[in-house]
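What follows is calculated from the coordinates using simple rules that are stated; it is not laboratory data. Remember, predicted model here, so these are calculated numbers, not experimental data. Please note: Cβ atoms are built from the backbone with ideal geometry, for glycine as well, and neighbour counts cover all protein chains shown.
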Amino acid sequence: MLKNYLKIALAVLRRRKFFTFISLFGISFTLTILLVLTAFIDKVVGDNYPDKKRDRSLYVSRLSQEGKNTMSSSPPSFYFLTHYAGSLKTPVKIAISSGFNGTNTYVNNKKIAVNYKYTNAEYWDVLEYDFLEGKAFNKQQVDNGDKVAVISQDMKKEYFGDVPFVAGQYIEADNVKYRVIGVVKNVPITSYMLYSDIYLPYTVAKDGGYKTNKGYQGGYYGILLANSASDLDKMHNEYEQMVQRLPAEQKQFTKVNSHADTYIKSYVDTGNERQSGTFIVITAISIFAFILMILPTLNLVNINITRIMERSSEIGVRKAFGASSRTLVYQFIVENIILTLLGGLIGIILSIIVLKVINSANLIANLELSINFTVLFIGLLVCLVFGLLSGVYPAWRMSKLNVVTALKAQ
Amino acid sequence: MIRLQNIEKVYRTDTVETLALNKVSLEIAKGEFLSVMGPSGCGKSTLLNIIGLLDEPSKGEIRIDDQKTANLSDKQLAQFRNKKLGFIFQSYHLISDLQVLDNVELPLLYRSATARERKQLATEALAKVGLSNRVKHFPSQLSGGQKQRVAIARAIVGRPEIILADEPTGNLDSAMGNEIMDILIQLNRDEGTTIIMVTHDENMAHKTHRLVRLFDGSQVQ
Ligand SMILES: Nc1ncnc2c1ncn2[C@@H]1O[C@H](COP(=O)(O)OP(=O)(O)OP(=O)(O)O)[C@@H](O)[C@H]1O
Ligand SMILES: [Mg+2]
């Protein structure tokens, strides 16, 4: 029986090329978008390199002060992170790093753009970068203001070429030479708090802002590491209380806001104190996914109704020769599932191609997107849901059709 | 074998009420070849559809093989049609997406038969209507007369006791019409199949055992 359904399904698909094209296009296109989107989210949210201790870390990326008519928002200062966040009891370590800055450097008269950032020594304890060679700078080196650098794998290749080891060699950035002491695996730019080509001790920063800026606001990020995941709440509360006690720096401000949040929350932080970024993002993604799915489904239902009604003579004949309504519903659902699975297959192939293109075009630095099995599974599931959703209703309507009416409609 | 008692059929639309059949009583014996004639709109198709259990009468009772059909469920009706009845339509109603052989196999899909049995029976049925050399064709590649012969093969493939034919020669020229008629007569004579045929053609009607005439929903002969 199933084989016959398959036969008629394929025959119908082959003969109704336009309909097949529209349906397959709708399904595969939607699925591709979903797959690429999930691959992206999956990568950004799910990949925990190099902050593998995410479950016991809180992220501080913003500090704002507000007054009646004014508001000032930026990452916190080095001073704030060491003196205020640093005074908290719960964190066992605090990773501090500046945002990344861009500059140019020259190799054999070829200009290359590099990003560098400054970090403290604990940064390398809190985060678990994979070292391909060498190691990170320690507290001693930072305190001495040693001109040493940890560079990324890509940077090594771009600056030094295809050589096995570069530790001990010098790299120039912003007209200063630094001794390379370690090479780490790349971090995608989507992990904006952790990404860089070159990592330097904060003490070598030319502007000396870490010393001179005694205000709350600056250009540094902090990651507070707790002893265990169960201490996160305590750490969060301690931070909140500390911030609440802070007096505003200037009299036009009345309130200081800053939060130590979990990874996801800090990632989607909008800087808006009154509405949580997480809420907005989750709502936005759900609405987007919903619309993305509902439109082609409705479209498919619509096409399916027309298509099935077009085949009313076939329905009439089948009923006349002994098909019960239920058998017919079954037949049309199977047909639809075959169609949607076919669309799903095309969608998956399309996604693989799209992801390959995104990866090879290197649109987003160091971001390697890949289809994983969860995503694939979700994709196939979505396809089946599509198949059922778009097949059940038309099939049910069709099965109600009176034989004589079905035969008359031509 | 078939017994109609005081069958009435009323079609209601928003504006008019049509009495398509008015107190028709009819008894058809096993092996009989019956033709139904009458002017357009007099209720011939309606009568045939009711006998074929494709439509329900508004009033009256039908018995086929001494079985009342009024209270059968959708599934039971489907099975009943599958076993006992074969249909031939004026406009063939072949499934255009399927090849001739698959079209003929159709009734066998709804009973238990293996793919091999189906193929064999369908091939035999096609041989009976003289179309053994057209099994791989699609309906659109056939002439009207050939299409109707495929439709006959489909109607007889499941060996039903009753064949209902609504103007089977209506779309054909007289030569092809005669061919179709010969096949039906032979079927009736050799296999004893009961045939009820609606026709507009007096010549065809005279080749059958009995003629029933309808006028405005009532039986006049
Ligand atoms: N579904 C329907 N709704 C309303 N009226 C209908 C319907 N089907 C048939 N009728 C009416 O019932 C009457 C009988 O129709 P029927 O199709 O049985 O005629 P017929 O004798 O087969 O005609 P023809 O020779 O043209 O095929 C006609 O007046 C027709 O208009
Ligand atoms: Mg008619």
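What order do you get for A:ILE280, A:ILE287, A:ILE338 when you list them from fewest to most C-beta neighbours inside 10 Å?
Result, fewest neighbours first: A:ILE287, A:ILE280, A:ILE338.
Could you tell me which of rounded, prolate or oblate describes region B:97-168, using a ≥ b ≥ c as the square roots of the eigenvalues of the alpha-carbon gyration tensor, with rounded for a/c under 1.5 and, failing that, prolate when a/b is larger than b/c and oblate otherwise?
Because a/c hits 1.5 or more and a/b fails to exceed b/c, region B:97-168 counts as oblate.
Considering chain A as a Gaussian network with a 10 Å cut-off on Cα pairs, which listed residue, A:PHE100, A:PHE160, A:PHE78, attains the greatest mean-square fluctuation?
In this elastic network of chain A, the residue with the biggest mean-square fluctuation among A:PHE100, A:PHE160, A:PHE78 is A:PHE160.
Would you list, by chain and number, the lysines whose Cα falls below 23 Å from the Cα of A:LYS17, excluding same-chain residues fewer than 8 positions away?
A:LYS3, A:LYS7, B:LYS136
In nm, to one decimal, how far is the A:ASN359 label point from the B:ASP173 one, both placed 7 Å along Cα→Cβ?
Modelled inter-label distance: 6.7 nm.
Give me the angle, in degrees from 0 to 90, between the Cα long axis of helix A:232-245 and the longest principal axis of the Cα atoms of chain A, rounded to the nearest 10.
60 degrees
How far apart, in nm, are the 7 Å Cα→Cβ label points at A:ASP162 and A:LYS139?
Computed distance between label sites A:ASP162 and A:LYS139 equals 4.3 nm.
By how many degrees, between 0 and 90 and to the nearest 10, does the Cα long axis of helix A:277-310 differ from the longest principal axis of chain A?
20 degrees
Considering only the protein assembly as shown, what is the antiparallel percent among its DSSP beta bridges, to the nearest 5?
Numbers: 54 of 80 bridges.
Taking every DSSP beta bridge with both residues in the protein assembly as shown, the antiparallel ones total about 70 percent.
Return, ordered by residue number, the residues of region A:324-341 whose backbone nitrogen is under 16 Å from a label point located 7 Å along Cα→Cβ of B:LYS83.
Taking a point 7 Å out along Cα→Cβ of B:LYS83, the residues of region A:324-341 whose backbone N falls under 16 Å are A:324.
Calculate how large, on average over all directions, the projected area of the Cα convex hull of chain B is; give the answer in nm² to one decimal.
Mean projected area for chain B: 12.5 nm², to one decimal.
Which part of region A:196-239 falls in the paramagnetic zone of A:GLU249, meaning amide N under 11 Å from the point 7 Å along Cα-to-beta-carbon?
A:213-219
Once fully extended, how much extra length lies between A:ILE282 and A:SER370, figured as 0.36 nm per residue of separation less the alpha-carbon to alpha-carbon distance?
29.4 nm
Could you name the lysines in cross-link range of B:LYS207, using Cα to Cα under 20 Å and dropping any fewer than eight places away on the same chain?
Reachable lysines: B:LYS30, B:LYS44.
Modelling each spin label as a point 7 Å along the Cα-to-Cβ direction, I'd like the A:SER72/B:LEU72 distance in nm, to one decimal.
Taking the simple label geometry, A:SER72 and B:LEU72 are separated by 8.9 nm.
If you consider only alpha-carbon coordinates, what radius of gyration and Dmax does the protein assembly as shown have, in Å?
40.1, 120
At 222 nm, what value in deg cm²/dmol follows for chain A if DSSP H runs of at least 4 each add -39500 (n - 2.57) and the sum is divided by all its residues, to the nearest 500?
-15500 deg cm²/dmol
For chain A, set up a Gaussian network in which alpha carbons nearer than 10 Å are linked by springs, and say which option among A:LYS43, A:LYS185, A:LYS157 fluctuates the most.
Taking springs between Cα atoms under 10 Å, the residue moving most is A:LYS157.
In the Gaussian network model of chain A, springs joining C-alpha atoms below 10 Å, which of A:PHE80, A:PHE19, A:PHE137 carries the largest mean-square fluctuation?
The residue that fluctuates most here is A:PHE19.
Give me B:CYS42, A:CYS383 ranked fewest to most by other Cβ atoms within 10 Å of their Cβ, as a rough exposure proxy.
Fewest to most other Cβ atoms nearby, the residues stand as B:CYS42, A:CYS383.
Taking a ≥ b ≥ c as the square roots of the eigenvalues of the Cα gyration tensor of region B:24-106, is the shape rounded (a/c under 1.5), prolate (a/b larger than b/c) or oblate? Please report the intermediate quantities before stating the final value.
Values: a/c = 1.83, a/b = 1.30, b/c = 1.41.
Oblate is the answer for region B:24-106, as a/c is 1.5 or above yet b/c matches or exceeds a/b.
Cross-link partners among lysines for A:LYS139, C-alpha distance below 27 Å, same-chain residues fewer than 8 apart left out?
Output for A:LYS139: A:LYS52, A:LYS53, A:LYS89, A:LYS93, A:LYS117, A:LYS147, A:LYS156, A:LYS177, A:LYS185, A:LYS206, A:LYS211, A:LYS214.
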